[in-house]
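Take a look at the structure set out below.
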Amino acid sequence: MNQKFIAIMNDKDNHLLDSFTKKMVKDAPIEKPSVDFSSNVMDAINALEVKKATSKFEPLISKKVWLLISASIIASTVFLFKSGVHLNEGYLSKIDLSRLTNALSFETSYNLNVSNTALYGFIFLAIMIPIQIGYLKNYHSKKMS
């Protein structure tokens, strides 16, 4: 199509829309709020503040779940100590970590050998759990306030 024709049609449509909008605004009655409008708004705001203040904090993970997690970790640790599992196969067994494993090893009568992967996993888990708990605690405390 011709660009001039499109420009003329858009101007005509804009003019009609503008005149229609002006007519509707003129014909619309002016509404006045009720006499107690401000007090109704303030009452609604106060009700929201009271509701927010009385909301009870619930932890993300309940105490029962924490107890279950702790019991399963303890049970699996005891099982591994009792069974004498040897997990020294894998790609990371070729890396010499004798200094680290000697520093972290302990003498027990259970004869437990743990692979480097498991050792890295436990160390990473021990570091990351407190970080994640702190992060989630701050996140939810900010969300609640």
Inset, instruction - Take the residues in region 60-93 that are modelled with pLDDT of 80 or more and not in a helix (DSSP H, G or I), then tell me which one is farthest from residue 134 (Cα to Cα). - result: 62
Inset, instruction - Go through (1) modelled with pLDDT under 85; (2) exposed (fewer than 10 other Cβ atoms within 10 Å of the Cβ); (3) in a helix (DSSP H, G or I); (4) of a type outside the set (Gly, Ala, Ser) and name the single condition residue 57 misses. - result: (3)
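The values are calculated or read from the model by the stated rules, or taken from the named source; none is laboratory data. For clarity, every value in this text was computed on a predicted model and none was experimentally measured. Cβ atoms come from the backbone with ideal geometry, glycine included; neighbour counts cover every protein chain shown.
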